[in-house]
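Peer 1: One structure, pasted below without further comment.
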Amino acid sequence: MAKDLMKGNEAIGAAAIKAGCRYFFGYPITPQSELPEYMSRELPKVGGVFLQAESEVAAINMVYGASGAGARVMTSSSSPGISLKMEGISYIAGAELPCLIVNIVRGGPGLGGIQPAQSDYFQATKGGGHGDYRLIVLAPNSIQEMCDLVMDGFDIADQYRNPVMILGDGTLGQMMEAVEFNEPKKRELPPKDWATTGIKDKNGKKRLISSLFIQPEDLENHNLKLQMKYEEIKKNETKFESLDVDDADIVLTAYGTTSRIVSNAIKALKKIGIKAGMIRPITLWPFPYGAYEKAADSAKAFLTVEMSLGQMVEDVRLGVNGKKPVYFYGRTGGMLPDQTEIVEKVKKILGGEI
Amino acid sequence: MKTVFDRTKALTPAAMHYCPGCTHGIVHRLVGEVLEELDILDKSTMVAPVGCSTFIYDYINCDAQQAAHGRAPAVATGIKRVHPDSIVFTYQGDGDLASIGTAEIVHAAMRGERITVIFVNNAIYGMTGGQMAPTTLAGQKASTAPLGRDKLHYGMPIRMSEMLATLDSATFIERVSVHDPAHIRKAKSAIKKAFENQITGVGFSMVEVLSTCPTNWKMTPVEALEWLKDNMIPYYPLGNIGNPKEVE
Ligand SMILES: Cc1ncc(C[n+]2csc(CCOP(=O)(O)OP(=O)(O)O)c2C)c(N)n1
Ligand code: SF4
Ligand SMILES: [Mg+2]
């Protein structure tokens with residue numbers, strides 16, 4: 001199949017439309033505005049609806065309404081806007097509605113900056129909104145993988161009736177690469193027999209979309225049901241890539257854009273005779289803790305590299321579980337981790353200097 | 001024997017949880033009667049607010065979505081854009097619509113969303129125990145304004161209908177009251193018009209219903225109806241607000 005050269009943000013839109021997404025609600029923010037712009041141009045051509053909302057709060061609530069009404073729907077934003085969406089995301093998770101949320105992360109906290117960052121890891125994987133809920137968080141490291149995960153992401157959302165987040169960063173949003181649109185693996189998708197269409201179902205029963213369970217025992221049961229679903233997701237959907245981990249003296253962990261820098265650093269390390277490997281989580285939640293079990297026995301040390309001052313490293317520590325030291329190197333605020341600094345850090349760790 | 005009065009089939013048999021004398025129940029019934037009379041019960045989705053009327057979805061017999069506090073117009077927008085031929089309405093209190101949800105209602109009206117909004121203004125936060133609302137009258141006591149709303153501290157109450165009526169795509173805005181049978185009948189015809197507008201696709205329609213909260217106003221139901229008539233109506237005049245607008 002012929003490949004198209006596309007900018008990351010536009011490729012997300014193209015993949016979403018290919019996946020049957022027909023509704024987009026969003027609000028402009030750098031560095032993801034090419035995505036709503038693309039959707040405003042392309043969705044009407046396929047009979048879809050693009051709507052620029054008055055705020056990210058409104059946009060995510062429009063997603064709630066549209067998803068509750070049975071549509072395949074998405075929104076996108078960047079860090080400060082995602083913070084505003086957190087209320088709605090909690091309601092969507094509570095009401096078990098499928099949707100795709102894209103976060104093209106920029107530096108924070110506060111207004112922060114507009115350059116790429118990975119400092120929304122905690123927000124994406126550990127809550128952000130209130131309550132015991134989970135977002136399925138997918139972290140591509142190329143435009144091609146971003147397209148694949150967007151297309152599969154809609155199916156994952158439908159399969160589990162759960163919101164899915166694509167966690168990218170400004171680099172992935174802005175760069176151009178050749179992509180092709182591949183059908184995701186076939187999944188058994190349950191019928192949306194819960195959607196409020198206004199028309200009651202065959203038995204004349206009305207439908208209700210709600211996250212409200214006023215009786216404590218009902219709310220506990222609802223939460224227990226959600227937890228069972230999350231266990232199922234952990235079992236079926238955890239995804240990572242491992243590179244030369246088995247005989248590595250040091251195992252690095254990185255996701256997204258950072259993993260590309262790290263894989264270059266690993267090549268450089270090989271040239272000077274250092275055996276380094278990499279675990280690249282593709283799902284940040286569920287996190288691939290299992291990938292660390294064997295590695296924690298075989299490797300001497302671990303190094304996590306992030307475009308933040310240390311967020312995912314906490315999950316790596318949980319995975320390694322105290323068996324070996326876990327080190328951290330990160331840059332933040334839009335500064336990229338530097339390959340030579342990674343190499344130097346590894347030399348120091350293995351040389352016993354830190 | 002001839003039946004002269006019965007429950008509309010738009011209402012479920014569930015016993016309402018409202019306090020004695022609360023007018024939420026009357027407004028529910030009016031909405032229900034209109035849904036039945038216009039024969040749109042089986043094509044309607046309602047969006048329930050956060051407030052005393054959250055559980056409206058237990059009482060009105062149509063599909064429903066429960067929205068976050070103030071966000072009902074955004075949720076309704078999502079539903080209506082997916083099912084443009086269905087009937088979508090929100091039912092919101094004054095804390096919900098006139099405070100935390102001001103942005104959502106203003107922009108739904110600005111876009112001329114083809115939805116119907118039932119706005120129940122009881123000048124108080126009922127559900128949370130009688131705190132001051134933006135609609136609380138100057139001097140009116142509330143649990144967070146124990147000496148009465150001080151207009152120097154909080155300004156004067158917000159008139160949402162008048163504000164929204166400045167928007168060209170807000171095609172129908174009317175304020176009604178339910179403090180006596182004559183006004184209840186008028187309220188019903190405004191609600192009916194607001195739904196008819198949606199059927200014909202005219203544009204955004206909202207009915208503001210002046211309503212009582214005897215519990216938090218600390219009055220008997222009858223005193224509350226009197227208080228509404230004597231205090232709310234002078235500040236919140238009844239009738240169609242702004243001229244009916246033609247939208248191209
Ligand atoms: C985000 C958020 N803030 C606050 C609340 C608490 N709360 C619940 S109902 C309510 C006020 C409702 O008042 P109103 O909309 O006037 O409805 P009423 O009960 O008077 O009918 C508030 C503040 C909430 N549920 N969510
Ligand atoms: S608190 Fe007020 S608004 Fe709420 S049910 Fe009681 S009387 Fe009605
Ligand atoms: Mg109120």
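Peer 1: Which of the residues spanning the range B:29-50 are surrounded by fewer than 24 Cβ atoms within 10 Å (Cβ to Cβ) and within 15 Å of ligand 3 (Cβ to nearest atom)?
Peer 2: Residue satisfying the conditions is B:VAL50 alone.
Peer 1: In addition: Find all pairs meeting these conditions: Cβ atoms under 7 angstrom apart; at least six residues apart or on different chains; first residue within the range A:184-205 and within 11 Å of chain B (Cβ to nearest Cβ); second residue at pLDDT 90 or above and surrounded by fewer than 16 Cβ atoms within 10 Å (Cβ to Cβ).
Peer 2: Correct list of pairs: A:ASP201/A:ASP193.
Peer 1: Please work out which residue is nearest to B:PHE55 (Cα to Cα), limiting yourself to the range A:178-200 and to residues that are charged (D, E, K, R) and open to solvent by 40 Å² or more (accessible area, probe 1.4 Å).
Peer 2: Taking the candidates together, the pick is A:ASP193.
Peer 1: Could you count how many residues in the range A:63-89 are more than 7 Å from chain B (Cβ to nearest Cβ), among the aliphatic types (A, V, I, L, M) and in a helix (DSSP H, G or I)?
Peer 2: 4
Peer 1: If you don't mind, another one. Go through the range B:36-55 residue by residue and tally those that are more than 11 Å from chain A (Cβ to nearest Cβ) and hydrophobic (A, V, I, L, M, F, W, C).
Peer 2: Number satisfying all stated conditions: 2.
Peer 1: Just give me the residues in the range B:42-60 being modelled with pLDDT under 95 and of a type outside the set (D, E, K, R), in sequence order.
Peer 2: none
Peer 1: What's the total number of residues in the range B:19-66 that are within 15 Å of ligand 1 (Cβ to nearest atom) and under 14 Å from B:VAL209 (Cβ atoms)?
Peer 2: 13
Peer 1: Please pick out the residue among A:ILE60, A:ILE104 that is within 12 Å of chain B (Cβ to nearest Cβ), in contact (Cβ under 8 Å) with a residue 40 or more places away in the chain and open to solvent by less than 10 Å² (accessible area, probe 1.4 Å). Show your work before the answer.
Peer 2: Details: A:ILE104 fails: within 12 Å of chain B (Cβ to nearest Cβ).
None of the other options fit; the residue is A:ILE60.
Peer 1: Also: Open to solvent by less than 10 Å² (accessible area, probe 1.4 Å), more than 17 Å from B:ARG175 (Cβ to Cβ) and near ligand 1 (Cβ under 9 Å from one of its atoms): which single residue out of B:GLY112, B:GLY101 fits that description?
Peer 2: Result: B:GLY101 is the single residue among B:GLY112, B:GLY101 that is open to solvent by less than 10 Å² (accessible area, probe 1.4 Å), more than 17 Å from B:ARG175 (Cβ to Cβ) and near ligand 1 (Cβ under 9 Å from one of its atoms).
Peer 1: To continue, here is another question. Taking A:GLN32 as the residue in question, decide whether it is of a type outside the set (Val, Ile, Thr), closer than 17 Å to A:ASN103 by Cα and away from chain B (no Cβ under 14 Å). I'd like the intermediate steps shown before the answer.
Peer 2: Details: of a type outside the set (Val, Ile, Thr): yes; closer than 17 Å to A:ASN103 by Cα: yes; away from chain B (no Cβ under 14 Å): yes.
Yes; evaluated as a whole, the condition is true for this residue.
Peer 1: Let me ask something else. Determine which member of the set B:ALA103, B:ALA123 is in contact with an Asp or Glu (Cβ under 7 Å, 6 or more places away or on another chain) and within 14 Å of chain A (Cβ to nearest Cβ).
Peer 2: Just a single option satisfies the conditions, and that option is B:ALA103.
Peer 1: Then there is this: Report, by residue number, each residue of the range B:112-136 that is touching a Lys or Arg at 6+ places or on another chain (Cβ under 9 Å), assigned to a loop (DSSP other than H, G, I, E, B) and within 13 Å of ligand 3 (Cβ to nearest atom).
Peer 2: Correct list: B:GLY130, B:MET132, B:THR135, B:THR136.
Listed here are the residues, each with its yes/no results for (1) within 19 Å of A:VAL49 (Cβ to Cβ); (2) within 16 Å of ligand 2 (Cβ to nearest atom); (3) open to solvent by less than 20 Å² (accessible area, probe 1.4 Å).
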position: B:THR54; (1), (2), (3): no, yes, yes
position: B:CYS62; (1), (2), (3): no, no, yes
position: B:PRO73; (1), (2), (3): yes, no, yes
position: B:THR77; (1), (2), (3): yes, no, yes
position: B:VAL88; (1), (2), (3): yes, no, yes
position: B:TYR91; (1), (2), (3): no, yes, yes
position: B:GLY95; (1), (2), (3): no, yes, yes
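Peer 1: I need the full set of residues from the range B:1-42 which are touching a helix residue (DSSP H, G or I) at 6+ places or on another chain (Cβ under 9 Å), outside any helix (DSSP H, G or I) and either more than 30 Å from B:ASP85 (Cβ to Cβ) or of a type in the set (Ser, Thr, Tyr) (or both), in order please.
Peer 2: Listed by number, the residues that qualify are B:THR8, B:THR12, B:MET16, B:HIS17, B:TYR18, B:CYS19, B:PRO20, B:GLY21, B:CYS22, B:THR23.
The values are calculated or read from the model by the stated rules, or taken from the named source; none is laboratory data. As the structure is a prediction and not an experimental result, all values here were calculated from the model. Note that we place each Cβ from the backbone using ideal geometry, even for glycine, and neighbour counts take in every protein chain shown. Only protein heavy atoms, including side chains, enter the accessible area calculation; ligands, DNA and RNA are left aside. Shrake-Rupley method; radii C 1.70, N 1.55, O 1.52, S 1.80 Å.
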